[in-house]
Amino acid sequence: MSTIVNAAPQANLQGIQNLGSTASQAVAETLPQFLPHVFFFAQKGQLTPALLSGDTFSQLYGSKTLDPTQPYYYHPNALIANIFANGGSILAQRLVPDDAPAPAGVQIAIDLLATTVPVSGTGSASGTVNNVPGYVGKIVALSLPVSGLGTGGATTSGSMSTSGGVQSVVYPLFDIQTSSQGSDGNNQGFAISAPTTKSVVSANPVASAAVDAFIYNFRQVSRTSANVTGLTVPAFSGDQYVPFTLAPSSYDADLNTDFAMVNQIIQAYGTPDNPGFVPQPGNFGALHAYQANIDNVLTMIFAAEYAAGGTGVHITGTPTIQQMVQSVQLPNGAMPGDKYQVNLFGATDIEGNPYLTFSLLGSSQGGIILTDNYVQYAVGGGDGTMNFTTLDNLVQQQLLGYGSSVYNFTDMAMWPQSWFIDSGYSITTKEAAGTLLGVRKDIGVIVATQDVSQPQNTAAEDSSLAVALSASLSQYVESQVYGTPVCRAAVVGQSGYLISSVYKGLLPLTIDVAGKMAAYMGAGNGYWTSGKDFSVTPLNKCTIFRGVNATSKTAQAYAADWTNNLVWAQNYDRSSIFYPAFQTVFDDDTSTLNSLKTVAACIELEKVCFRSWRDLTGRDDLTPAQLIKQSNLSITNQCPSAKFDGKFTVTPKTYFSSADAARNYSWTCDVTLGANPMYTVGTFTISAANMSALSAKSSG
């Protein structure tokens, strides 16, 4: 750009102005309205909660987690399976028993013996054999240090010795650990190979020279059980092998990649942490290199090989033996990084020629030869004590600590769950679920009368527990400002057995209700699905359970159950049962808040209001009238008629109260949900009349 100072002729070129794009607009994440928070045992997986559909659940937590024949399967897993079967999603949170060990792993070390080795002479000494300093080594696999990954770097005495009494030394090289706790970690393994130019998967001498280090290949392997052959797990890029070096840094400028083991192996298998996607770690989640030990071992081997006249090590310049031994300590790069060209896991040069002064012992001498055909599996993994009581206690702890969780579940933006569904916990844990009502205004709770660890309830027990659970939930007032009693909760009675499942355990009907809600309110686009209204026959039938208890009661008993806020199923005909109504624990029968669907819509409106505030807070470019307009518009746009399947009307009214005006930084918005009452009582009269009289009346 030039400045015009006078009328001197010039073409004043201003560059290119961009008019081809629109202003950046924030795109709201679409979430299902029915999004339950479910806790469960799993085959594997991280402990951090994840928002998942059925498509990705098994990838994160393993295919065995939803297999009824596996030890991880308990009543919450049946709940998850039914939600997924109806197209829903969940906020999934894996729980691990307190007595489960740390994730499985293994330490790779070298047992190295300093000895003398015979080396044939060269030049004038050709034909002679000299005993020169060298090393015999064994690669060994050890358990991870008890004190944790990366804490076991101290050397120890090895299992070999010379005739002169010199003892070998075990140098830990690296620890590698699986990404999650569980016995499944023992089925995760790897193969390390040291390719040469003669290998089937050939080495690349040019690449090795470029990074000034020997390049190994890492192949991850996974098996389903200890007696099954493992299969290769491709890296995220799809490659079968991940190249790496033992150098602390092996940057290749052409590929913009650092091939150092600590920067390459773990990262190559996990999925990128991209917004909108659930990050999926690889089967191995952590690696620690004992770099000082690696450098020490490589320096010793390199120095011995160089002194013996070996040509298989890459030499830059002509350093002295003393310089080579002290290479780790030399400043300013005085010693070239040639020690990293040593093939520690293969004991050959890059052309496949054995080293003169360094050899490795195999399995017959207690060592392992790391090749592409040898798979080292992690060890030490375990599931801990998995039973109903352990699960129940862990879930109870999570519920009681919901407001102070390490995951900060009070953050509505980060954790958008909307429901907790009791799938058959103990009465104490059911009561603990009410904590969520006090912590969050945008979460509902549905509890079951059945504890699945106990025999199936009688009708009287169902009714009695409905009274106890309603009383427990009633302590969480919906609004102290308006005096609204609890409404974001429901109590569902009865239990039975799934018809088409290998799982034969007793389960409560909350699992069926959750499936119905998932089908109607669980679409990922955030809209209720037309035609899936579970309060409309025949969708209000319970079709997935058999052996349901208490499906027939007297009118007086049903009246008592209704007063006690129970949702129940009763006989529809001789072969099916149905839910006559889905009520909440709200005690006013005349209020629309006694409808589960209406309360579900109110829970979503709480989230809508939060999103509206989120997009308006901090604005200082709006007049009061403009803010009112923007607030009303934000809520209206989020609540088209189709959002709730045309069942409700949503009317926002934003204004500045006298208190708002005095504060000069707040506003108020009243959102009215227009809903129909829930019709439950029909009065019918049968009149018997003379047919001739009716005919005469109709003809007249």
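The values are calculated or read from the model by the stated rules, or taken from the named source; none is laboratory data. This one's a predicted model, so the numbers in the text were calculated from it and none came from an experiment. Note that we place each Cβ from the backbone using ideal geometry, even for glycine, and neighbour counts take in every protein chain shown. These area figures cover heavy atoms from the full protein model, side chains too; ligands, DNA and RNA do not enter into them. Shrake-Rupley method; radii C 1.70, N 1.55, O 1.52, S 1.80 Å.
Restricting GLY401, GLY438, GLY366, GLY384 to residues that are within 23 Å of the chain's Cα centre (by Cα) and touching a residue at least 24 places away in the same chain (Cβ under 8 Å) narrows the list to GLY384.
Restricting attention to the stretch 395-412, does a residue exist that is within 15 Å of GLU606 (Cβ to Cβ), open to solvent by less than 60 Å² (accessible area, probe 1.4 Å) and in a strand (DSSP E or B)? Within the stretch 395-412, none of the residues are within 15 Å of GLU606 (Cβ to Cβ), open to solvent by less than 60 Å² (accessible area, probe 1.4 Å) and in a strand (DSSP E or B).
If we keep just the residues of the stretch 361-374 that are part of a loop (DSSP other than H, G, I, E, B) and open to solvent by 40 Å² or more (accessible area, probe 1.4 Å), which is farthest from ALA102 (Cα to Cα)?
First, the residues of the stretch 361-374 that are part of a loop (DSSP other than H, G, I, E, B): 361-362, 366-374.
When the remaining residues are screened for being open to solvent by 40 Å² or more (accessible area, probe 1.4 Å), the result is 361, 366, 369, 371-374.
Details: LEU361: 31, GLY366: 27, ILE369: 27, THR371: 28, ASP372: 28, ASN373: 28, TYR374: 25 Å.
It comes out as LEU361.
Taking THR56 as the residue in question, decide whether it is in a loop (DSSP other than H, G, I, E, B), hydroxyl-bearing (Ser, Thr, Tyr) and surrounded by fewer than 20 Cβ atoms within 10 Å (Cβ to Cβ). Answer is no for this residue. Which one is farthest from TRP568 (Cα to Cα) among residues in the stretch 600-639 that are in contact with a helix residue (DSSP H, G or I) (Cβ under 6 Å, 6 or more places away or on another chain) and β-branched (Val, Ile, Thr)? Looking at the filtered set, the residue picked out is ILE635. For the stretch 407-426, the tally of residues that are of a type in the set (A, V, I, L, M) and touching a Leu at 6+ places or on another chain (Cβ under 7 Å) stands at 1. Listed by first and then second residue, the pairs with beta-carbon distance under 6 Å, at least 6 apart or on different chains, first residue in the stretch 74-85 and more than 15 Å from PHE420 (Cα to Cα), second at pLDDT below 95, are PHE84/GLY54.
Among the numbered criteria (1) on the phi > 0 side of the Ramachandran plot; (2) touching a strand residue (DSSP E or B) at 6+ places or on another chain (Cβ under 9 Å), which one does ASN256 miss? So the condition that ASN256 fails would be (2).
Is it true that VAL491 is at pLDDT 95 or above and under 20 Å from GLY88 (Cα atoms)? Spell out the reasoning first.
On the way: at pLDDT 95 or above: yes; under 20 Å from GLY88 (Cα atoms): no.
No, not satisfied.
If I filter the stretch 486-497 for residues that are open to solvent by 60 Å² or more (accessible area, probe 1.4 Å) and over 27 Å from THR390 (Cα atoms), do I get at least one hit? Checked against the condition, which is being open to solvent by 60 Å² or more (accessible area, probe 1.4 Å) and over 27 Å from THR390 (Cα atoms), the stretch 486-497 yields no hits at all. Taken over the stretch 452-472, the residue count meeting the criterion of being within 34 Å of the chain's Cα centre (by Cα), assigned to a helix (DSSP H, G or I) and among the aliphatic types (A, V, I, L, M) is 1.
Residues in the stretch 542-586 that are part of a helix (DSSP H, G or I) and aromatic (Phe, Trp, Tyr) were compared, and the one that is most open to solvent (accessible area, probe 1.4 Å) is TRP562.
Among what's in the stretch 183-225 and is β-branched (Val, Ile, Thr) and surrounded by fewer than 17 Cβ atoms within 10 Å (Cβ to Cβ), pick the residue that is nearest to ALA253 (Cα to Cα). Top of the filtered list is VAL206.
Among what's in the stretch 344-360 and is part of a strand (DSSP E or B) and at pLDDT below 95, pick the residue that is farthest from the chain's Cα centre (by Cα). Here the answer is PRO354.
Does any residue of the stretch 431-450 turn out to be open to solvent by less than 30 Å² (accessible area, probe 1.4 Å) and of a type in the set (Lys, Arg)?
First, pick out the residues of the stretch 431-450 that are open to solvent by less than 30 Å² (accessible area, probe 1.4 Å): 432-437, 440, 442-450.
Those still in the list that are of a type in the set (Lys, Arg) too: 440.
So far as the stretch 431-450 goes, yes, one or more of its residues are open to solvent by less than 30 Å² (accessible area, probe 1.4 Å) and of a type in the set (Lys, Arg).
Condition check for ILE628 on (1) within 39 Å of the chain's Cα centre (by Cα); (2) in contact (Cβ under 8 Å) with a residue 24 or more places away in the chain: one failure, at (1).
In the stretch 75-89, is there at least one residue being modelled with pLDDT of 95 or more, part of a strand (DSSP E or B) and under 30 Å from GLY444 (Cβ atoms)? First the steps, then the outcome.
So the first thing to find is which residues in the stretch 75-89 are modelled with pLDDT of 95 or more, and the list is 75-89.
Next cut, part of a strand (DSSP E or B) only: 89.
With under 30 Å from GLY444 (Cβ atoms) added as a condition, the list becomes 89.
Yes, there is a match, as at least one residue in the stretch 75-89 is modelled with pLDDT of 95 or more, part of a strand (DSSP E or B) and under 30 Å from GLY444 (Cβ atoms).
Across the stretch 226-261, the qualifying residues are those that are among the charged types (D, E, K, R) and under 32 Å from the mean Cα position of the chain (by Cα), and the one among them that is least open to solvent (accessible area, probe 1.4 Å) is ASP258. Restricted to the stretch 156-174, and to residues there that are open to solvent by less than 70 Å² (accessible area, probe 1.4 Å) and within 39 Å of the chain's Cα centre (by Cα), the residue that is nearest to ASN343 (Cα to Cα) is LEU173.
Looking only at the stretch 565-578, count how many residues are in contact (Cβ under 8 Å) with a residue 60 or more places away in the chain and in contact with a Ser or Thr (Cβ under 8 Å, 6 or more places away or on another chain). Give the derivation first.
If we filter the stretch 565-578 for residues that are in contact (Cβ under 8 Å) with a residue 60 or more places away in the chain, which is where we start, we get 565-569.
Still in the list and also in contact with a Ser or Thr (Cβ under 8 Å, 6 or more places away or on another chain): 565-566, 569.
Number satisfying all stated conditions: 3.
Scanning the stretch 520-541 for residues that are among the small types (Gly, Ala, Ser) and open to solvent by less than 20 Å² (accessible area, probe 1.4 Å) gives GLY522, GLY526.
Selection of first residues in the stretch 604-617 that are touching a residue at least 60 places away in the same chain (Cβ under 8 Å) and of second residues that are aromatic (Phe, Trp, Tyr), restricted to Cβ pairs under 9 Å at least 6 apart or on distinct chains, gives the following pairs, ordered by first then second residue: GLU604/PHE644.
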